[in-house]
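Peer 1: One structure, pasted below without further comment.
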Amino acid sequence: MTKVVTRFAPSPTGYLHIGGARTALFNWLWARKNRGEFILRIEDTDLERSREEMTRAILEAMDWLGLDCDQGPYYQSQRMDLYREYIQKLVDTGQAYYCECTPEEVEAMREQARARGLKPKYNGRCREKNLGPGEGRVIRLKAPLTGQTTFNDLIKGPIAVNNEELDDFVLQRADGTPTYNLAVVVDDATMGVTHVLRGDDHINNTPKQILIYKALGIKQPLFGHVPMILGPDKKKLSKRHGATSVMKYKEMGFLPEAMINYLVRLGWAYGDEEIFSREELIEKFSLENLSKSASVFDMDKLLWLNSHYIKEKSPADLAALLKEYVREFDADLSYLEKIVPLLQPRAKTMVEMAEMAEFFLVADEELQYDAKAVRKFLTPEAREHLQEVVNRLEETKDFGQKELEQILAKYLEDAGIKFKVIAQPIRVAITGKTASPGLFETMEVLGKERTIKRMKRAVFFEG
RNA sequence: GUCCCCAUCGUCUAGUGGCCCAGGACGCCGGCCUCUCACGCCGGUAACGGGGGUUCAAAUCCCCCUGGGGACGCCA
């Protein structure tokens, strides 16, 4: 059995988007599962649109997702000689030819075909002209006029296309650079790629590439076309649907674990299981369980997975992460580490967690009070209770949840009131809001001094 | 327009001819828990696009229709 080699080959014309990330993930998983190799290749043959910063952004996103490669990144822009060599081979063997038609002329041919209700194609005008190299000339593949090109897709099954549908497409542009289809074939072949897993928007390119493999007389890899990811309107996912860049999700406070888990389940399933660790995925991933149909990106489910992984992660790790999301961080990590457990069951994203952590981090005198909360809960009676509770809190040395609970219980008994009566006032006093983690745990983390300071401030606070 | 691909709850999906008057998950609704908000737990809502076949038996196989998506570049 030969070693499995997969690759991810983005073009640096944009950021790594959701769909690309999933394709990369599937390739990565397949390589890892089979103890094969995963190659990263930057497809930058279009020197006009390729941007170096995009390459960096893609690499950064791959890194964030933890999709490490064994080879590369390779750059097609650095392999031009190799492509030229293969193209020359095709010209020499009469399987490719120079064409002097201008883009306008070709467009006219296509227009003509369209007018007759046919598929727009180049009409093969220069096919038998036997032209040599020259200014403005491209090289086209002399594609078969009849017959069928077929392949057995790993995901979709048998696919057949009549060769009449294909035309003599361009292999080398007028500027001497190779086109996508040629470069992909040369690279996949020379890099020993065994499995090409890519978006099914490439399905129509596959027959063309197979024609090149055949013309070159080289072994072709196995192809698998994964379905597209759609927006809620069922159209191909794009900027119109909001964030599509993977790194945007990092910014929005998603964990890479959640991202990976979500992406893999979009188009792949393993029975009824929903949660997968990286190791489980490598063990359980399989091509047979990939679905054939497109799937809709669902933010709610991503959010659910993210909150799951937030609950699962260690407070220490989260504290370190949270640091990046909190504005003006001046406390130390150990303090954040105490806050995090209170927020884990509540925050769905790191951004949310940062917002929820805000009142812990702000200076006591700068704590913002919600006006409505003040009006509703800091009533004159409530303020009296608050003052009484402060008096009792000042006398305690221990400020742990247990002690606090006892002190409050004693006060309730003495004052003859229910906890409900003072719970919200205290909460508003120390957090400024009506919603927060449990009162006692919040007080403990805040500490005696700050809790009391805030409560005292609340007693006389005027909204 | 032409070609290619696809078709189970709103969404992600299980299902590979009988175990399915279709299971899980997200969401949504209701309840429980409760110091608020969450978490958690329990329950509920909701789908095989339509029509023909094949078969003792079809969500599962075949055909047609419809619907959706994609591709038709000297982009990838």
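The values are calculated or read from the model by the stated rules, or taken from the named source; none is laboratory data. Just so you know, these numbers come straight off a predicted model, no measurement behind them. Don't worry about glycine lacking a Cβ; one is built from the backbone with ideal geometry, like all the others, and counts go over all protein chains shown.
Peer 1: Among the residues of the stretch A:331-356, what is the count of those that are part of a loop (DSSP other than H, G, I, E, B) and either away from RNA strand B (no atom under 11 Å from the Cβ) or modelled with pLDDT under 95 (or both)?
Peer 2: Residues meeting the conditions: 3.
Peer 1: Take the stretch A:243-260 and flag every residue that is touching a residue at least 24 places away in the same chain (Cβ under 8 Å) and part of a loop (DSSP other than H, G, I, E, B).
Peer 2: A:T244, A:M252, A:G253, A:F254, A:L255
Peer 1: Condition test on A:V246, is it under 26 Å from the mean Cα position of the chain (by Cα), under 26 Å from A:V91 (Cα atoms) and more than 10 Å from RNA strand B (Cβ to nearest atom)?
Peer 2: Answer is no for this residue.
Peer 1: Right, next: When only residues in the stretch A:118-161 that are among the acidic types (D, E) and either more than 41 Å from the chain's Cα centre (by Cα) or loosely packed, with under 11 Cβ neighbours inside 10 Å (or both) count, which is farthest from RNA strand B (Cβ to nearest atom)?
Peer 2: Ranking the qualifying residues of the stretch A:118-161, first place goes to A:E128.
Peer 1: Okay, moving on. Could you tell me how many of the residues in the stretch A:80-111 are away from RNA strand B (no atom under 12 Å from the Cβ) and on the phi < 0 side of the Ramachandran plot?
Peer 2: So the answer is 15.
Peer 1: Further, regarding this structure: Any residue at all in the stretch A:220-235 that is without any contact (Cβ under 8 Å) to a residue 60 or more places away in the chain, among the aliphatic types (A, V, I, L, M) and either more than 9 Å from RNA strand B (Cβ to nearest atom) or not in a helix (DSSP H, G or I) (or both)?
Peer 2: Within the stretch A:220-235 (the criterion being without any contact (Cβ under 8 Å) to a residue 60 or more places away in the chain, among the aliphatic types (A, V, I, L, M) and either more than 9 Å from RNA strand B (Cβ to nearest atom) or not in a helix (DSSP H, G or I) (or both)), the answer is no, since none of the residues qualifies.
Peer 1: Could you run through the stretch A:87-103 and say how many residues are outside any loop (DSSP other than H, G, I, E, B), within 41 Å of the chain's Cα centre (by Cα) and not aliphatic (A, V, I, L, M)?
Peer 2: Looking only at that region, the number is 3.
Peer 1: Has the stretch A:280-295 got any residue that is touching a residue at least 12 places away in the same chain (Cβ under 8 Å), surrounded by fewer than 17 Cβ atoms within 10 Å (Cβ to Cβ), farther than 29 Å from A:R56 by Cβ and acidic (D, E)?
Peer 2: yes
Peer 1: Something else now. When you go through A:A373, A:A347 one by one, which is the residue that is small (G, A, S) and out of contact with any Lys or Arg (no Cβ under 7 Å at 6 or more places or on another chain)?
Peer 2: Answer to the check: A:A347.
Peer 1: If we scan the stretch A:198-209, do we find a residue that is closer than 19 Å to A:P144 by Cβ, away from RNA strand B (no atom under 15 Å from the Cβ) and in contact (Cβ under 8 Å) with a residue 40 or more places away in the chain?
Peer 2: For the stretch A:198-209, residues closer than 19 Å to A:P144 by Cβ, away from RNA strand B (no atom under 15 Å from the Cβ) and in contact (Cβ under 8 Å) with a residue 40 or more places away in the chain: absent.
Peer 1: Which residues, counting only those in the stretch A:418-454, are in a helix (DSSP H, G or I) and within 15 Å of A:D370 (Cα to Cα)?
Peer 2: Selection gives A:Q424, A:P425, A:I426, A:R427, A:V428, A:A429, A:I430, A:T431, A:R454.
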